[in-house]
Structures are given as structure tokens and as C-alpha cells.
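Note sheet for the following structure.
The values are calculated or read from the model by the stated rules, or taken from the named source; none is laboratory data. Since the model is a prediction, treat every value here as computed from it, not as a measurement. Cβ: placed from backbone, ideal geometry, glycine included. Neighbour counts: every protein chain shown. We work out accessible area using only protein heavy atoms, side chains counted, and drop any ligands, DNA or RNA first. Shrake-Rupley method; radii C 1.70, N 1.55, O 1.52, S 1.80 Å.
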Amino acid sequence: MPNPYQTLGVPPGAGDADIHRAYLVKVRESPPERDPQAFQAVRRAYEAIKTRRLRLAYELFNGEPPVLDEILARGLRSASPGRPDEEQLRRVLLATLTCPAPATTGPKKE
Amino acid sequence: MTRRRNKPRQRRTTYRKGIRPEGLPVDRYATTQAALAAGRHRDAIAGFKELLKTGRRPEWLEGLSQAYAGRAADLAGKRMFKEAAAIWEQRAAACDLPLPDSRYLLWLLHGGRYGQAAGLYRENLETLARGGEAALAREHLAAFALAGGEGLLDALDPDDPVARDHGAATAALVAYCGGDAPGLEAQLRRIPFRSPYRYFRQFLKSLGLVGGDPEGATRLLERIAPDSPFAGGPARAVEVAALPLPQCVSRWQELDDEGRQLVTTLKGWSTAQVKFLQDASSILPGAAAKQLLALLTRHRGLMGQDWIREAAANLLIGHPQGWRQFNRSFGQLPRLTALRLSALEEEKEGDPFAIEAAWAEVLDELERRPDSEDRRLRMALVLRRISDFRLKGEAARHIHPEALAELERSLELDPDDLPTYLRLITLHREGGRLRQARRFVAAALERFTDDSEVLLAAVETAIAGNAFKKATGYAKRLLTLDPINPKVKGILLKASLGHGYKHIRAGRSDLAHKALDEATGWAGSEAARGRINLVRGLLARRAGDGGATALLQQGVEQAGGGLTGRLCLLLEAARLGERPHAILKAAGLQQLRGFDTREQILALVEYLHTLAEEDAKWLDAAMTPLHGPIRKAAGAAYSEGETERVCELWLRRERSGLLKLYAGAALKRWPERPALVYYLEYARCEETILLSPGARQRLAEALEQAQKEGDQRTTHRIVELLGPAMGVPPIDPFPYDGDDMAEDLAGAMGELGPEHFLDILEEIGGAEFREIRKQLGDEKAAEFMEIMASGGDVMEALVKVVGGLGAPKPGGRRGKSRGSAGKGRSGKADPAVDEWDPDQLELF
């Protein structure tokens, strides 16, 4: 299971009330009828850390190592997406504009 | 001076592979045509050029022009646009053909000859328009104009749409790059619907959506026409940027440098992140902990200190060799964390002693710490974890006291954990330690006064201790909170009836009636009320009460009537030690005609599926009087599903005779259904213990069919049944050692009876034994068994039995000569032995 604190967007020291609030926000963002998978992930995360006892149990017994996707997400998280400047965009266009393959290789009727 | 005749000049011809001039131009033409048809354009060009040296025939010129066109297209396909354009020019010169062509125009553009391309377009606009190619040419010119193709716009007519709309498109590009969203919208609106820049509009919009609405960005890209210059490289880069992270990373690798750079910019990745990405892209999903730990270590600056320490630490579970690297990179872990990780590592290894020891160390470490609520909670959690391992797979009666002590201690540290109370109550109750169970009931009730689970546990514990009044008290409390709780009513009904049986057996009818009255209060269904009336009826019968018959009949109807109702009566009778046939007769219910129907059997089977396991011990006695209609109903018109349900029930309830009958009848309707074959052979095997060769064959075929159908349950069952044939060592039910054989045979015969025993031998021996049995006759067989049962020797018994036959029946001999028979101990021929055919003894 991905880190439940990250899934709910709360810091590791969050309390019951904060976690519950974050859970409600996430459920509103991903309600079950619209995004069942995301909802299930949010629900699982909440059930894992909703009380003090559960949080301590998670701390003690969670030994799930990160998978590659999680590491990528962590390493590539950006402050904000960027945009190319004019020069870069023109350069990209010049390098990548695509020539369509011809329909026939023979000469067309002149 | 004599004029030297000029010899014909010897031409030095270089032959390309595949072209062999055979002397006549017509052969060379065929070969060159073949090269052209096969797409070997360079060979075709060379071939046609050679031919054209001998004369400018139209078909050769045509061929050469096609070969040049094909060669140019090949080069364009490899993005060698300059070369493609050059070939096209050679084609025009060699074949005296006009240069302008939409393909040539595009190659000029993509090859960087923008001005020339624009000039060509301008001069041949009418031709391009006639061929329907003007729009495509304009789109490509527009794209290169935007990209900064030098000299392009100057060569165009100012009214041409490429030039006319260029301003708006450029302004939109500038607005996007400057982050001016309103400006971008305004400029995009200025681009007309059919403008050559229309797909640039989609492309630019999608760029704007990548960060906030990646799905929207992808949808816009899908609207770009496939032959648009924006469709390939540019759209691909934006598409990758819009993907979720894992796919984005793997597709990012496939882009060219500019495309990767664009994605990096759109994502806002730093140089360090790009390096991380390049490093990570060589690691496959599912990579070992060692690789991931190395990746984390190399790029720890990107991850955040807390996260990376925890993530890297968790990677040590399953990769203990990584500790040194971890300590070097992230510093020594706190002792508690290190011990915790070691314990989790031991859990992965699976050695229960090591697991307990490791968690015990964690506990010790926690105990050394200053007291706090969290510390106590942690200790309680660890104690429960240790207890979990100790209790796994243990029966309640045999649980080690330490495991229970750990759970109990956890409650001292954390008294608010309801599941632990419930667990302790159940473990103590099932282990027969009722005093301890009651202690925890009291403790749980003190903390969780109105909890239904605690009250239910209290009811069950009170019943286990025969404290029926107490149980009733708890139950009433529970029903106040949860009026329709079916579990508690069922428990109390059972308990009341149990009391009733006890009092009936002890002859205490007043108390029995009281218990039955109590039971009536808990009966939540007609069937339950029927059961109570059956017990009342049996009690009344014992007392000689005339109303017994009516009560019994009423009870039977309430319990479902027909076979089911009668079975319920017979079960109650069996519980009270009554004789089943007598009860049926006393109740006037001995008539079973008309009950051999599909509906009766299905209802009976449904009831038997719900019968509690502890009641199964009465089933033999209860079912015997009903065997007649049950057996008769074997051939009723069940559906395949119903048949399987019925057979499954006979299997579960170990009724092999009924299973054999029902499966056999069903196989007549659905021959070779694997599940039915399994049921039949299983039932037979239950009777004969061993599988005959025929049975093995049938099961093997059924196994194949079951595997084809994906019927895993039947496959598994057949494999288990076949056992030895599947490589499982056989369990010899009669471990043979010569001295035991007679005893074993006698034992088997005694248990099974003569006819049944012979049936078994026939099953094993097949046609041969059938023949022998026919020859011997059952009487002789019985005689043989008598000799065996009284301790006789097998051979002696056989000799006596077979010797008494006299001359064998016609066809009984196998044509082997006499004289090979045994001669007896004296060495003289034994007349008894001499008179029979030794082949008759082959079985033994």
C-alpha cells in the first residue's frame, strides 16, 4: 500500500481530526461513483491511520518497501510545471515537425 | 597507310548484384523491372540507366522515373529530405519530367530549403490545387514559417493564408510562452477555422493543458490530422508529458533529444531530476531491493530526508546486506527502528522462534524507555503481534499459556482494545477455561457496556457454563440494542433445547417443559417452532399423552413436511435415543409413498446443508428409514446443477451408497461429465478402498476433460483420488507381508460379507476373476472364506475348494497341459491337484 499519509496529504504527526478532515476532502475529490479506484485507495489509507492506535501499529509493523513507481514519483515531484520559451519551442518544432509518408511511390499523373 | 578498323570499344561494365546482362536488352529489362517491383530502387535506377544507353524507349524512361521516385521516397522515409529532393531533381533531369510535385515541395521544406519550397508552391499553386494538395502544402509551409524557416514568408504572396495568418499564430505562440493566458485565447480566436495554422491551434492549446488537465491535452492532440506536421514529433512529446508518471518515464526514453527536452521543460524537472530519470529508466519494475537502495542512495538529495530514510530502511527488510551501505549513506538507525526492522525481516524468513525473539527484543527496548501513553500502546501492539504468531494454527485447548499471558498483559497496557477482549473471551471459552473467560467478559462489559459483540460473547460464555439465566439476561440486553439479531436467538434456542433434552433423558418432564417454553420464546421461524413441537411430541409420547401424535404431525409439517419434516423428527428422536421406525409409526408417518420426487430430495438436501456438524452424528440413525424414497429418487429429472449439489451433499455427509447411486444415474444423462465421474469413482473407492484399472482409466479421462474445461476443483479432487498414478506414493491399505495376508483377507471378508467381498475381488480382478467366480460359484467362494476365517492357509483353502469342483466346465480351461501342476510333498502326483487346471489359481 502506498504511504497512507501521502495518499491523504497529511504530515506524519497528524492527529485524528486532521486525518478525518483530509479524508473527507479526498473523498469529495474522488467520489466512489466517479473514480472507484482512487476512492478505494483513499479509503484504505484512512482505515490504516485513522486512530492513534492504528497509526502506531502502522509505524511499528509497516515494512513495505517502496516500489519503483513510488520512488519515481518522489524523485520527480516538481514545484510547478514549466513552459518552454519561444526559442526552445521553435527549436522543438523545427526538429520534430513530421513529413507524412507519400501515398504512392510512383509518379503522379502530370 | 592503312586505316585501322576501329574495333568495337570494349565496354567495361560493372555488374551490380542481381543484374546480369544476358546479352539482349529484353533480359536486362525483365531483371530491372523485377528489381523495381521488389523495391530495390537503386538497382532499378542503375538497370534503367544502362538500358537507356542503348536507346530512349518510353517504357524504360517510365521505369527510371518510377525508380527515382521510389528511391526519393525511401530516403524521405529515413528523414534524409535533402537527399530525397536531390534524387527528385535527378529524376526530372534524366526523364525530362517537370520538377514540381507536392512530395518534392515537402522534401524541400523538411530539408531546410524553405525559400525554394515557398517559391515552388507559389509558382505551381494551380497545379497543386487541382491535385487537391495545396492545403497540405500550406500546412507544412505554415509550420515551418512558425518554426522560423528563413526566407519562407518572403517568397509567398502576402494574401496567401500562410502569410496572412502568420501574425496571429506567432502572437499566440509568444503569448503561450509568456504565460499570457488571455492573450493566448485572443490570438487563437484570430486564427480562422480553415487556416493552415488550425492544427497549431490544437497543439498550442494542448501544451497549455498538460499540467492541469492532461486528459484534456490528450483529447486535443487526437484531433490533429495524421498528415499534419504537428501530428508526429511535436504531438508525441506533449502526449508523453501528459502521461502519468511511470508511463511518462518509459516513453520519455523513446523521444529524440528535442522531444525529451520539451517534456523536461513542461514537467519542470531540474537537471538533477533528469539525471535521476536517466538512472531510473534503466531499472525495471519489480527490481530487487539492492538496485532500488542504490538508486535512492545516489539521488537522496531529491527525495526529502525523512521519506528517504524510511524508504531506504524498509528496503533493508529482505536485503540485510544493505545495512552497511545504508549506515554509510543515511547514518545509523535508532536502535528501536533497527530492532523493528530485524523483527520484520525475521517475519519474512518465517522461523517462528526467531520472530518471537526479535519482537521480544523490541519489547525490551520499549521497556527501557520512559513511560508514556504511546510507549504503552506500542508495547501492547508488540505483545499482540507476538501472540498472533504463537496462536497461529493452535487449537484453543492447546494454546500455550504464555501466548494468552501476552494478550492479557497487552490489555493492562492498553485497556481500550475491544478486539483483544473478544479474542481472549473466545480463546478461554473454547479452551474450556470458563472462569478466565468470565473474567474477561466482566472486564469487557465494564468498558464497553452496550457493545453487541461483547454481549454476544457474554451470552455464549454463559451458555458454555450452563448459566442459562445469565445468558438470557445478556441476550435480552442485546436484543434491546439489536432487536433482530438472529445469532443470539439461535444460540439461545439451541441452549434451551439442549436443556430440554437433558431433562427429558433424566425423566424430569416439568423442567423439560419449562426449557421448551423458554425455547419457544427464542424461536424466530416456523421451522424452529416445528422443532420445538417435535420435542414436545416426543416428550408427550414418553408420558403416554394421547396428544403426542398430533404434536408430532404438526411439528413435521412446520419443519417442512415430506422427507425433510420426517428427517427433523427422526433427528430429534435419535438425540433422545428413540428408535426411528417406532417413532415414525407412532406418529402415523411411516407411509413414505410419493416422497421419491425431485422436489423432496432438493428440499432435504437444502436442509442437510445447514445441519450443524455436531448433529451429524445422529444422521445415520435418522436417515435409515428414509432410504427407500431417497434411493428411488436417484433417477428423477434434476438439472445438472441440482445433481451436483445433491452429490456434493452425499459426499460431504459420507453417504457413499447414495453418492454412487445418484452419480451413476446422472452419468446416464450426462456421460463423461468429469465431476460426475469423480463422484461415482469416489463412492466406489470408499467401498472397495482400491481403484480398479477401469476406474483409473475413467478418472484419467475425466481429469483431462476437467483440465480442458478449467474445472479446478474436480481436477484437484481427481488428482488426489488417483494418488499413486500421479506420482504420490501409494498408501497400501493392506501392507502385505505373507503371514498377515490370510488374517487381512479374513478380516476384510468378515467386515464386508461374502457377496460384497467377491464383488470387490471382481472389481479388482476384472473379467478374469469374473470368469473364475462363475466357474467356482458363490457357494464355493463362501466355503473358501469359511476356511480362511477359521485360520486356514490360502493355498490349502483354494485346493480344497477347487478340488471339490470335479471336472472343469467346458471352456474353463485355457488349454495348458496338465503335468505342470504341483506334485505334493511326497513327490507323488496329488490327485486333488492333478484334477484341476493351475490357471484357475492365477488370481492367487
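If a residue counts only when it is modelled with pLDDT of 90 or more, touching a helix residue (DSSP H, G or I) at 6+ places or on another chain (Cβ under 6 Å) and within 25 Å of B:Leu36 (Cα to Cα), which helices (runs of 4 or more DSSP H) contained entirely in the stretch B:70-144 have at least 2 such residues?
It comes to B:81-95, B:102-110.
Taking the condition assigned to a helix (DSSP H, G or I) and at the interface with another protein chain (Cβ under 8 Å from one of its Cβ atoms), does A:Leu24 pass?
Against the criterion (assigned to a helix (DSSP H, G or I) and at the interface with another protein chain (Cβ under 8 Å from one of its Cβ atoms)), A:Leu24 does not qualify.
From the residues in the stretch B:281-307 that are in a helix (DSSP H, G or I) and within 8 Å of chain A (Cβ to nearest Cβ), which one is most open to solvent (accessible area, probe 1.4 Å)?
Top of the filtered list is B:Asp306.
Which is in contact with a His (Cβ under 7 Å, 6 or more places away or on another chain), crowded, with 17+ Cβ neighbours inside 10 Å and of a type in the set (Gly, Ala, Ser), of B:Ala464, B:Ala437?
B:Ala437
May I ask you to list the residues in the stretch B:451-476 that are farther than 13 Å from B:Ile491 by Cβ, charged (D, E, K, R) and at pLDDT 90 or above?
Across the stretch B:451-476, the qualifying residues are B:Asp451, B:Glu453.
Might you let me know whether the stretch B:308-319 holds any residue that is part of a loop (DSSP other than H, G, I, E, B) and either surrounded by fewer than 16 Cβ atoms within 10 Å (Cβ to Cβ) or over 38 Å from the mean Cα position of the chain (by Cα) (or both)?
The answer is no; no qualifying residue exists.
Collect the residues in the stretch B:145-182 that are at the interface with chain A (Cβ under 10 Å from one of its Cβ atoms) and either under 55 Å from the mean Cα position of the chain (by Cα) or outside any loop (DSSP other than H, G, I, E, B) (or both), keeping them in residue-number order.
B:Leu146, B:Ala147, B:Thr170, B:Leu173, B:Val174, B:Tyr176, B:Cys177, B:Gly178, B:Gly179
I'm checking my understanding of the structure. Among residues of the stretch B:251-276 that are surrounded by fewer than 18 Cβ atoms within 10 Å (Cβ to Cβ) and part of a loop (DSSP other than H, G, I, E, B), which one is nearest to the other protein chains (Cβ to nearest Cβ)?
Here the residue is B:Gly268.
Within the stretch B:54-78, track down each residue that is of a type in the set (D, E, K, R), farther than 21 Å from B:Asp27 by Cα and surrounded by fewer than 23 Cβ atoms within 10 Å (Cβ to Cβ).
B:Asp74, B:Lys78 - these are the residues of the stretch B:54-78 that are of a type in the set (D, E, K, R), farther than 21 Å from B:Asp27 by Cα and surrounded by fewer than 23 Cβ atoms within 10 Å (Cβ to Cβ).
Within the stretch B:495-507, work out how many residues are surrounded by 15 or more Cβ atoms within 10 Å (Cβ to Cβ) and without any contact (Cβ under 8 Å) to a residue 40 or more places away in the chain.
Residues in the stretch B:495-507 being surrounded by 15 or more Cβ atoms within 10 Å (Cβ to Cβ) and without any contact (Cβ under 8 Å) to a residue 40 or more places away in the chain: 7 in total.
Out of B:Ala573, B:Ala550, report the one residue that is open to solvent by 10 Å² or more (accessible area, probe 1.4 Å) and either aromatic (Phe, Trp, Tyr) or modelled with pLDDT of 90 or more (or both).
Within the list B:Ala573, B:Ala550, the selection yields B:Ala550.
Can you tell me which residues in the stretch B:92-102 are in contact (Cβ under 8 Å) with a residue 24 or more places away in the chain and open to solvent by less than 20 Å² (accessible area, probe 1.4 Å)?
B:Cys95, B:Ser102
Given the conditions (1) surrounded by fewer than 18 Cβ atoms within 10 Å (Cβ to Cβ); (2) modelled with pLDDT under 90, which single one is not true for B:Glu222?
(2)
Just checking, does the stretch B:267-283 include any residue being touching an Asp or Glu at 6+ places or on another chain (Cβ under 7 Å), modelled with pLDDT of 90 or more, of a type in the set (Lys, Arg) and closer than 30 Å to A:Val92 by Cβ?
No; the residues of the stretch B:267-283 include none that is touching an Asp or Glu at 6+ places or on another chain (Cβ under 7 Å), modelled with pLDDT of 90 or more, of a type in the set (Lys, Arg) and closer than 30 Å to A:Val92 by Cβ.
Per-residue answers, yes or no, for (1) away from chain A (no Cβ under 14 Å); (2) open to solvent by 70 Å² or more (accessible area, probe 1.4 Å):
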| site | (1), (2) |
| --- | --- |
| B:Pro352 | yes, no |
| B:Glu356 | yes, no |
| B:Leu366 | no, no |
| B:Arg369 | no, yes |
| B:Val382 | no, no |
| B:Pro401 | yes, yes |
| B:Leu411 | no, no |
| B:Pro415 | no, no |
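Of the residues B:Glu648, B:Glu654, B:Glu644, only one is open to solvent by 10 Å² or more (accessible area, probe 1.4 Å), in a loop (DSSP other than H, G, I, E, B) and not hydrophobic (A, V, I, L, M, F, W, C); which? Break it down stepwise before answering.
Details: B:Glu648 fails: in a loop (DSSP other than H, G, I, E, B); B:Glu644 fails: in a loop (DSSP other than H, G, I, E, B).
None of the others qualify; the one that does is B:Glu654.
Being among the aliphatic types (A, V, I, L, M), open to solvent by less than 40 Å² (accessible area, probe 1.4 Å) and more than 39 Å from the chain's Cα centre (by Cα) is the filter here, so list the residues in the stretch B:593-636 that pass it.
Within the stretch B:593-636, B:Ala622, B:Met623, B:Leu626 meet the criteria.
Here is a list: B:Leu584, B:Leu576. Which entry is closer than 30 Å to B:Gly547 by Cα and in contact (Cβ under 8 Å) with a residue 60 or more places away in the chain?
The conditions single out B:Leu576.
What number goes with the only condition from (1) open to solvent by 30 Å² or more (accessible area, probe 1.4 Å); (2) aliphatic (A, V, I, L, M); (3) within 7 Å of another protein chain (Cβ to nearest Cβ) that A:Val67 does not pass?
(3)
Assess whether A:Gly63 counts as being within 30 Å of B:Val362 (Cβ to Cβ), modelled with pLDDT of 90 or more and not acidic (Asp, Glu).
Details: within 30 Å of B:Val362 (Cβ to Cβ): yes; modelled with pLDDT of 90 or more: no; not acidic (Asp, Glu): yes.
Judged against the criteria, A:Gly63 is not a match.
Kindly list, by first and then second residue, each pair from a residue in the stretch B:436-451 that is more than 15 Å from B:Gly465 (Cα to Cα) to a residue that is open to solvent by 30 Å² or more (accessible area, probe 1.4 Å) and assigned to a loop (DSSP other than H, G, I, E, B), limited to pairs with Cβ atoms under 7 Å and residues at least 6 apart or on different chains.
Close Cβ pairs (under 7 Å, with a partner that is open to solvent by 30 Å² or more (accessible area, probe 1.4 Å) and assigned to a loop (DSSP other than H, G, I, E, B)) amount to B:Arg447/B:Pro415; B:Arg447/B:Asp416.
Anything in the stretch B:103-140 that is surrounded by 16 or more Cβ atoms within 10 Å (Cβ to Cβ), within 11 Å of chain A (Cβ to nearest Cβ), without any contact (Cβ under 8 Å) to a residue 60 or more places away in the chain and in contact with a Pro (Cβ under 7 Å, 6 or more places away or on another chain)? List them, or say none.
B:Arg103
Can you spot a residue in the stretch A:89-99 that is more than 7 Å from chain B (Cβ to nearest Cβ), part of a helix (DSSP H, G or I) and open to solvent by less than 70 Å² (accessible area, probe 1.4 Å)?
No, there is no match, as no residue in the stretch A:89-99 is more than 7 Å from chain B (Cβ to nearest Cβ), part of a helix (DSSP H, G or I) and open to solvent by less than 70 Å² (accessible area, probe 1.4 Å).
So which pairs qualify, if the first residue must be in the stretch B:182-199 and basic (Lys, Arg), the second must be surrounded by 14 or more Cβ atoms within 10 Å (Cβ to Cβ), the Cβ gap must be under 6 Å, and the two must be at least 6 apart or on different chains?
From the stretch B:182-199, the pairs are B:Arg190/B:Ala168.
Taking B:Lys514 as the residue in question, decide whether it is under 30 Å from B:Leu661 (Cα atoms), outside any loop (DSSP other than H, G, I, E, B) and open to solvent by 10 Å² or more (accessible area, probe 1.4 Å). It would help to see each step written out before you state the result.
Details: under 30 Å from B:Leu661 (Cα atoms): no; outside any loop (DSSP other than H, G, I, E, B): yes; open to solvent by 10 Å² or more (accessible area, probe 1.4 Å): yes.
Against the criterion (under 30 Å from B:Leu661 (Cα atoms), outside any loop (DSSP other than H, G, I, E, B) and open to solvent by 10 Å² or more (accessible area, probe 1.4 Å)), B:Lys514 does not qualify.
What number of residues within the stretch B:198-236 are closer than 16 Å to A:Cys99 by Cα and either facing chain A (nearest Cβ under 9 Å) or of a type outside the set (Val, Ile, Thr) (or both)?
Counting residues in the stretch B:198-236 that are closer than 16 Å to A:Cys99 by Cα and either facing chain A (nearest Cβ under 9 Å) or of a type outside the set (Val, Ile, Thr) (or both) gives 14.
Can B:Gly565 be described as in a helix (DSSP H, G or I), open to solvent by less than 10 Å² (accessible area, probe 1.4 Å) and within 19 Å of B:Gln590 (Cα to Cα)?
Considered against the rule, which asks whether it is in a helix (DSSP H, G or I), open to solvent by less than 10 Å² (accessible area, probe 1.4 Å) and within 19 Å of B:Gln590 (Cα to Cα), B:Gly565 comes out as yes.
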